[in-house]
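What follows draws every value from the coordinates through simple rules; no lab data is involved. Predicted model, so just to flag it, every value in this text is computed and none were measured. So basically every Cβ, Gly included, is an ideal-geometry build from the backbone, and we count neighbours across all protein chains shown.
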Amino acid sequence: MAKTDEKQRGQICLTTARILREERERQAFSMSAVAERAGLSQQMVSYVERGLRNPTLDTLVRITQAMGLSLPDVISRAYTESAKAEAVAAGKTQKPVR
């Protein structure tokens, strides 16, 4: 059971990273603009968006605030999307009938 929990946590982290990248791109922010607004290096923002670092809470707050996002909303979305992906992978959702 611990491996499943670890896998789920990893998926949530990667989904959070993807959401941050997608939101930055949707808002047409450059990585350097987010980094400057957040008081972080561009390299750190890049690492976070690619899921290569486990950022501190402070770093996540800075990045989300720099883009005008709510961290709780981003994390909630990551949990929801990860759960849906897990359900699809496990075959727990019905596929549309054609």
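All other residues with a Cβ under 11 Å from the Cβ of Glu23 taken together, and with Lys, Arg as +1 and Asp, Glu as -1, what is their net charge?
Within the 11 Å Cβ shell, the charges total +1.
Considering the alpha-carbon set of region 31-76 alone, what are its Rg and its Dmax in angstrom?
9.6, 26
Hey, what angle do you get for helix 57-66 against the long axis of the chain, alpha-carbon based, 0 to 90 degrees rounded to 10?
It works out to around 70 degrees.
Given Cβ point charges of +1 (Lys, Arg) and -1 (Asp, Glu) and nothing else, what value in debye, to the nearest 20, does the dipole of the chain about its Cα centre take?
For the chain, the charge dipole is close to 400 debye.
Mind ranking 9-21, 49-61 by how tightly packed they are, going by the mean number of other C-beta atoms within 10 angstrom, highest first?
9-21, 49-61
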